[in-house]
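Structure record follows, encoded as structure tokens.
The values are calculated or read from the model by the stated rules, or taken from the named source; none is laboratory data. Worth saying up front: this structure is predicted, and the values here are computed from it rather than measured. Note that each Cβ is placed from the backbone with ideal geometry, even for glycine, and that neighbours are counted across all protein chains shown. Only protein heavy atoms, including side chains, enter the accessible area calculation; ligands, DNA and RNA are left aside. Shrake-Rupley method; radii C 1.70, N 1.55, O 1.52, S 1.80 Å.
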Amino acid sequence: ICQMHGRFAAFHTYFIVMEYCDGVTLDVVLQRVGSLPVPEIHKIIGQVAAALQYAHAAEVVHRDIKPANIMLRQGSNPVNPTVPLLPDVQPVLTDFGVARLTTAKTQTASGTVLGTPAYMSPEHVRGDDIDGRSDIYSLGIVIYEMLAGRPPFNHQTTPAAVLVKYMQESPPPIPQATRAVQHVMDRALAKEPAARYATAMAAVEALRELSPGIQVSLPVRVPE
């Protein structure tokens with residue numbers, strides 16, 4: 001998880017000082033190779049889920065989970081997005097610029113929406129109070145894209161059209177997905193928060209149970 005080094009306010013604006021992460025973002029990899037093999041999906045999404053669960057335990061909701069906010073790094077070496085990811089590639093969950101505390105007494109200003117339309121939960125689109133289950137929905141969209149090679153409703157031409165689709169329809173089934181995998185995705189992407197997995201790791205564990213031969217370690221960097 002991206003390290004937070006400090007925060008301050010100036011010129012009526014709030015700033016967060018975050019760790020600089022050198023690497024390539026997951027969206028760059030997906031744009032070049034399309035969908036990823038299941039072992040690579042498990043490795044990346046498992047560590048992202050562990051980082052996200054850490055944030056939720058600290059009562060922080062990210063509100064903008066998407067491939068562009070998942071940085072892939074490989075020690076001091078650059079990641080080549082055109083070849084299979086090496087075993088030591090580590091994902092880092094970044095960009096907490098629109099995150100909020102679940103205990104905050106105020107919500108986003110009326111009439112504004114913070115986040116990326118293609119990855120927002122239905123309750124986030126409606127402007128409802130949100131908690132970690134909204135991030136779990138967004139994580140489900142990321143998994144969907146890693147499996148299918150595209151996010152749901154990517155044929156829509158405007159962000160507003162995408163938001164309407166998320167409000168009114170469920171994401172279409174993933175092509176060639178097994179019934180068991182589709183069941184996991186349907187639960188992660190349930191329109192009602194209470195119907196989703198309770199934690200990010202629960203969703204990832206449900207997927208991993210479908211491939212028991214794959215073992216993935218889940219280290220979490222504890223913020224200083």
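Computed quantities for the displayed model
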| quantity | calculated |
| --- | --- |
| Label point at Ala177 placed 7 Å out along Cα→Cβ; residues across region 125-158 whose backbone nitrogen lies under 14 Å | 137-154 |
| Low-density loop positions, GluC sites (Glu not before Pro), region 116-199 - DSSP coil, at most 14 other Cβ in 10 Å | Glu169 |
| Accessible-area ranking of Ser138, Ser35, largest first, probe 1.4 Å | Ser35, Ser138 |
| Rg/Rg_globular for region 112-213, with Rg_globular taken as 2.2 N^0.38 Å and Rg from C-alpha atoms | 1.04 |
| Sequence-distant aspartates and glutamates (8 or more away, or on other chains) whose Cα lies within less than 20 Å of Lys43 | Asp22, Asp27, Asp88, Asp135, Glu145, Glu205, Glu209 |
| Sites Asp88 and Arg150, calculated FRET efficiency, Cβ-Cβ separation with R0 30 Å, nearest 0.05 | 0.60 |
